[in-house]
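A.B. asks: Here's a structure for you.
The values are calculated or read from the model by the stated rules, or taken from the named source; none is laboratory data. Remember, it's a predicted structure, so these values are computed and weren't measured experimentally. Backbone-built Cβ (ideal geometry, glycine too); neighbour counts: all protein chains shown.
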Amino acid sequence: MTLYIPPTDYIYPKEQDDHMIKRKITYRGGYDENYTYLETNLWFRFKRFLFQIAFNVIALPIASLRFGLKVEGKKNIRKNKKILKQGFVSVSNHVLYWDYLVLQAAMFPYKAYTPAWEVNMSISMRHIYKLSGAIPIPKSNKAKLKFAESMNEAIKRKKWLHVYAEGSMWYHYVPIRPFKKGAFLFAYTNQIPVPPIVFTFRKPTGIYAWFKTKEPLVTVHIGELQYANYEMKKAYSVEELKERCRQIMMQMAGIENEAHNQELMEKYTYNTGDEPILYKCL
C-alpha cells in the first residue's frame, strides 16, 4: 500500500506515551478499589442497550462519512465469527480523537469495552463514555488489581475488549509507537485471540478535497487473529505476542520495518521542554 503522511503542525510529547489533549476535569471522586469498573446490573445494561441503538444509528454513520471510512481485512472477522463470539482482545494505534467511533463502525455489529485514560473519565461526558463501553484506568495499585479483575471478567462474559496499546492519542501520527503489555497479558491469561488493527490515512479526494483541508481520510486495516505461544514461559510469550502484533501492524500500515518506522518518527517535531504542549479535542 502507498504510505500517506498527512501534513501536520502538531508538536508531539517528549515521552511516547504522554497525552496531547487538554481536558476540563469536572469529576474528582476518583477511581479506587471500591469503584465498579464493569457494570453488570440489569438497569445499566438496559440503558446501554438503548444508548447503543442511538449510537449505531447516528454516531457511526456520521463518523464513517466524516472520515471517508474504508475497511480492509473485514474477512478476518467474518471467517472467525464463531471464535470471536467466545470473546477477544483487539489492539490498535491511537491517532484520532474520533477513532473509537471509526473502530466501532469498522467492526459493527461488535461492541467494545475500552480501557480509557482516567482523565477522560473525569469530565462532563463521562456517563456517555461509560455507556459506550469506556472503563477508566486507575492509578493506585489496589485499584489496578480491581480494574484487571473487571477486564478478565468482561472476557469471561465473552465480550470484546479493545486496547489502544500505545497508551495515548497522538493526532495523525503515522509511525507505530511502543506498546504496553496489558492487552497481551489479558489475551494470554484468557487464551483468546488478538486481532491487530491499524488506522492509516489517505489524502482527501473528490468531494472531501473541498472541505477536509486539515484532516485526512481514514482506512481501518484488520489483521489475522494472533495467539499467544504457550510453549514459552508467560513473560516471554506475552512479550513475543506484543512485538508480533506491532510488527504486523507496521506491515499493514505500509511501514517496512523498525528502521523505516524510526525514520518516520524523525520527520516529526517533538516537545523538548519539561511541559507537554496540549491541544484541545478536535
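A.B. asks: If you scan segment 50-71, which residues turn out to be modelled with pLDDT of 90 or more and under 16 Å from Ala112 (Cβ atoms)?
C.D. replies: Scanning segment 50-71 gives a single hit, Val71.
A.B. asks: Could you count how many residues in segment 127-160 are closer than 27 Å to Ile83 by Cβ, of a type in the set (Val, Ile, Thr) and in a helix (DSSP H, G or I)?
C.D. replies: So the answer is 1.
A.B. asks: Tally time: how many residues in segment 21-43 are at pLDDT 85 or above and surrounded by fewer than 10 Cβ atoms within 10 Å (Cβ to Cβ)?
C.D. replies: Count: 4.
A.B. asks: Sort out which residues of segment 243-257 are within 16 Å of Pro195 (Cβ to Cβ) and free of Cβ contacts under 8 Å to residues at least 12 places away in the same chain, and write them in order of number.
C.D. replies: Taking segment 243-257 and keeping what is within 16 Å of Pro195 (Cβ to Cβ), we get 244-253.
Within segment 243-257, Gln247, Gln251 qualify.
A.B. asks: Which of the residues belonging to segment 144-157 are touching a strand residue (DSSP E or B) at 6+ places or on another chain (Cβ under 9 Å) and more than 14 Å from Ala116 (Cα to Cα)?
C.D. replies: Listed by number, the residues that qualify are Ala154, Ile155.
A.B. asks: Looking at segment 225-262, which of its residues are outside any helix (DSSP H, G or I), within 23 Å of Asn190 (Cα to Cα) and out of contact with any Phe, Trp or Tyr (no Cβ under 7 Å at 6 or more places or on another chain)?
C.D. replies: First, pick out the residues of segment 225-262 that are outside any helix (DSSP H, G or I): 225-233, 254-257.
Remaining after also requiring within 23 Å of Asn190 (Cα to Cα): 225-233.
Scanning segment 225-262 gives Leu225, Gln226, Tyr227, Asn229, Tyr230, Glu231, Met232, Lys233.
A.B. asks: Six or more apart or on different chains, Cβ atoms under 7 Å: show the pairs whose first residue is in segment 180-194 and touching a residue at least 24 places away in the same chain (Cβ under 8 Å) and of a type in the set (D, E, K, R) and whose second is surrounded by 18 or more Cβ atoms within 10 Å (Cβ to Cβ) and not in a helix (DSSP H, G or I).
C.D. replies: As it stands, the answer is Lys180/Ala165; Lys180/Gly167, since those pairs meet every condition given.
A.B. asks: Could you count how many residues in segment 1-43 are out of contact with any Ser or Thr (no Cβ under 9 Å at 6 or more places or on another chain), over 29 Å from Ile255 (Cβ atoms) and not hydroxyl-bearing (Ser, Thr, Tyr)?
C.D. replies: 6
Here is a yes/no grid of residues against (1) in contact with a Cys (Cβ under 6 Å, 6 or more places away or on another chain); (2) in a helix (DSSP H, G or I); (3) of a type in the set (A, V, I, L, M, F, W, C):
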residue	(1), (2), (3)
Tyr37	no, no, no
Trp43	no, yes, yes
Leu60	no, yes, yes
Ala63	no, yes, yes
Val71	no, no, yes
Gln86	no, no, no
His94	no, no, no
Tyr110	no, no, no
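A.B. asks: Further question on the same structure: Being aliphatic (A, V, I, L, M), part of a loop (DSSP other than H, G, I, E, B) and surrounded by 14 or more Cβ atoms within 10 Å (Cβ to Cβ) is the filter here, so list the residues in segment 1-20 that pass it.
C.D. replies: Pass one, segment 1-20, residues aliphatic (A, V, I, L, M): 1, 3, 5, 11, 20.
If we keep only those that are part of a loop (DSSP other than H, G, I, E, B) too, we end up with 1, 3, 5, 20.
Listed by number, the residues that qualify are Ile5, Met20.
A.B. asks: Looking only at segment 184-202, count every residue that is of a type outside the set (Phe, Trp, Tyr), touching a helix residue (DSSP H, G or I) at 6+ places or on another chain (Cβ under 8 Å) and outside any strand (DSSP E or B) and tell me the total. Please lay out each step first, then the result.
C.D. replies: Residues of segment 184-202 of a type outside the set (Phe, Trp, Tyr): 185, 187, 189-198, 200, 202.
From the residues that got through so far, the ones that are touching a helix residue (DSSP H, G or I) at 6+ places or on another chain (Cβ under 8 Å) too are 185, 187, 189-190, 192-198, 200.
Still in the list and also outside any strand (DSSP E or B): 185, 187, 189-190, 192-193, 195.
Residues meeting the conditions: 7.
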